[in-house]
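What follows is a set of notes on a single structure, which appears directly below.
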Amino acid sequence: MASFRIAVIICNIVVVKTEWMLSDRAQCDALYGNYGYRTNHGFSCFFCRAPLVRNGFSCPSCPVAQHGVAGICTACPQFSTAVSGQNCYCLNSRTLVGSGSNLRCNYLQCSAGSYLDGGSCYACPENTWKDSWNDHGRNGCRECPVYSVSPIGSTERFACLCKAGFAGKNNLHNQLECTQCSAGTFKPAIKNEECQLCPEGSISPTSSDNINDCDCKAGYQGQTGGVCNICGSGKYREM
């Protein structure tokens, strides 16, 4: 005989009625995996919505740190907990995978820009970066190239910028290289760009980071950081 059933939701109980003349509770359980109760025409079935469990004809909540698995209150998996009547959730940024008795929390992995230390994730320190999820601790944060810096929690290598006084460009392997500004040049900003020439007639020491580092050469006169003109006839100027 073809079956026909109607699901009636009452709070957290789902009642499944059937036209079959079920003779006993075991038959109901075998057909639906639920709980049977006697009616005038046989047995009907009902089950509780997860994470609640069945207890007679009610659906009580499981205690704290437990959840319902196959109708039984079961302890949440390692590294997880639950509020009474709620599903389990993982602690310390772990990821919940699986279901039922196979539910588990994956090993903690810290997101890009952070590293694992003592069961918690922390932002990568200044002048480092991390662009992927991993559990390699602080070693997972990679150092920026020499003479470059980055902010805390940087998530990509492009966050590394050459310091002021250092020019920045990519090498043949598309990796950043920072080199000190040569004498007579300067770079005031933390950027990956070339150094600027000092004003005409002036010179600066290597790694200069300010136009005011440019001073007039010997035999020239003028304002620091400005254009310097050659000394007039019969005059001289030492550095």
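Would you mind stating whether residue 150 is touching a residue at least 24 places away in the same chain (Cβ under 8 Å) and of a type in the set (Ser, Thr, Tyr)?
It is true that residue 150 is touching a residue at least 24 places away in the same chain (Cβ under 8 Å) and of a type in the set (Ser, Thr, Tyr).
Rundown of residues vs (1) without any contact (Cβ under 8 Å) to a residue 60 or more places away in the chain; (2) in contact with a Pro (Cβ under 6 Å, 6 or more places away or on another chain); (3) surrounded by 16 or more Cβ atoms within 10 Å (Cβ to Cβ), yes/no style:
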{"residue": "76", "(1), (2), (3)": "yes, no, yes"}
{"residue": "80", "(1), (2), (3)": "yes, no, yes"}
{"residue": "90", "(1), (2), (3)": "yes, no, yes"}
{"residue": "95", "(1), (2), (3)": "yes, no, no"}
{"residue": "103", "(1), (2), (3)": "yes, yes, yes"}
{"residue": "112", "(1), (2), (3)": "yes, no, yes"}
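So that you can scan it fast, the table gives a plain yes or no per residue for (1) touching a Gly at 6+ places or on another chain (Cβ under 9 Å); (2) in the same structural domain as residue 210 (by TED's automatic domain parsing):
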{"site": "103", "(1), (2)": "no, no"}
{"site": "110", "(1), (2)": "yes, no"}
{"site": "129", "(1), (2)": "yes, no"}
{"site": "132", "(1), (2)": "yes, no"}
{"site": "172", "(1), (2)": "no, yes"}
{"site": "177", "(1), (2)": "yes, yes"}
{"site": "183", "(1), (2)": "no, yes"}
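Here's the yes/no breakdown for (1) outside any strand (DSSP E or B); (2) of a type in the set (D, E, K, R); (3) at pLDDT below 80:
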position	(1), (2), (3)
64	yes, no, no
74	no, no, no
101	yes, no, yes
108	yes, no, yes
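Every condition in (1) part of a loop (DSSP other than H, G, I, E, B); (2) farther than 30 Å from residue 116 by Cα; (3) modelled with pLDDT of 95 or more is met by residue 234 except one, and the failing one is (3).
Taking the criterion of being of a type in the set (S, T, N, Q), in a loop (DSSP other than H, G, I, E, B) and surrounded by 15 or more Cβ atoms within 10 Å (Cβ to Cβ), the only residue of the range 114-132 that qualifies is 127.
Considering only residues that are of a type in the set (S, T, N, Q), in a loop (DSSP other than H, G, I, E, B) and farther than 20 Å from residue 220 by Cα, which ones fall in the range 174-205?
174, 175, 182, 192 - these are the residues of the range 174-205 that are of a type in the set (S, T, N, Q), in a loop (DSSP other than H, G, I, E, B) and farther than 20 Å from residue 220 by Cα.
The values are calculated or read from the model by the stated rules, or taken from the named source; none is laboratory data. Keep in mind it's a predicted model, so treat the numbers as computed, not measured. Don't worry about glycine lacking a Cβ; one is built from the backbone with ideal geometry, like all the others, and counts go over all protein chains shown.
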